[in-house]
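J.: One structure follows; several queries about it will come next.
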Amino acid sequence: MSGSNAKSSVIAAAIILVAAALLFLAMPRLVLAAGEVSPFLGLVVAVLFILGFFAIFFLRARHQRRRDDG
């Protein structure tokens, strides 16, 4: 990784982590609100939050691999 790519990756990761942290701060209220409608819906919302967090990093790594190989 060159200096510019490393700096870009660190900035992107920091932005993703800050956005995820803000979403996770709001998550309890959203899950409780969804849980009032249906307990299953609350579970689904919580699972989507967790899977979404990992999906962002998975897709970003996949994109970088394709960019670096191509």
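The values are calculated or read from the model by the stated rules, or taken from the named source; none is laboratory data. As the structure is a computational prediction, the values presented were derived from the model and not from experiment. Virtual Cβ from ideal backbone geometry, glycine too; neighbours counted across all protein chains shown. To get the accessible areas, we keep the full protein, side chains included, count just its heavy atoms, and leave off ligands, DNA and RNA. Shrake-Rupley method; radii C 1.70, N 1.55, O 1.52, S 1.80 Å.
J.: If I take R0 = 25 Å and measure r between the Cβ atoms of ARG29 and PHE57 in this structure, what FRET efficiency does the formula 1/(1 + (r/R0)^6) give, to the nearest 0.05?
T.: Numbers: r = 24 Å, r/R0 = 0.98.
Between ARG29 and PHE57 the formula returns 0.55.
J.: Counting only heavy atoms of protein chains, what accessible area per residue, in Å², does the chain have with a probe of 1.4 Å?
T.: Numbers: 5500 Å² over 70 residues.
Result: 79 Å² of accessible area for each residue.
J.: Once Kirkwood radius over Cα pairs in Å is worked out from the coordinates, which option in (1) 12.5; (2) 13.9; (3) 13.0 does it equal?
T.: Derived directly from the coordinates: (2).
J.: For the chain, with all protein chains present and a 1.4 Å probe, just round the carbon and sulfur fraction of the accessible area to a whole percent.
T.: 73 percent
J.: With a 1.4 Å probe and all protein chains kept in place, how much accessible area does SER38 have, in Å² rounded to the nearest 10?
T.: Taking all protein chains as shown, SER38 has close to 40 Å².
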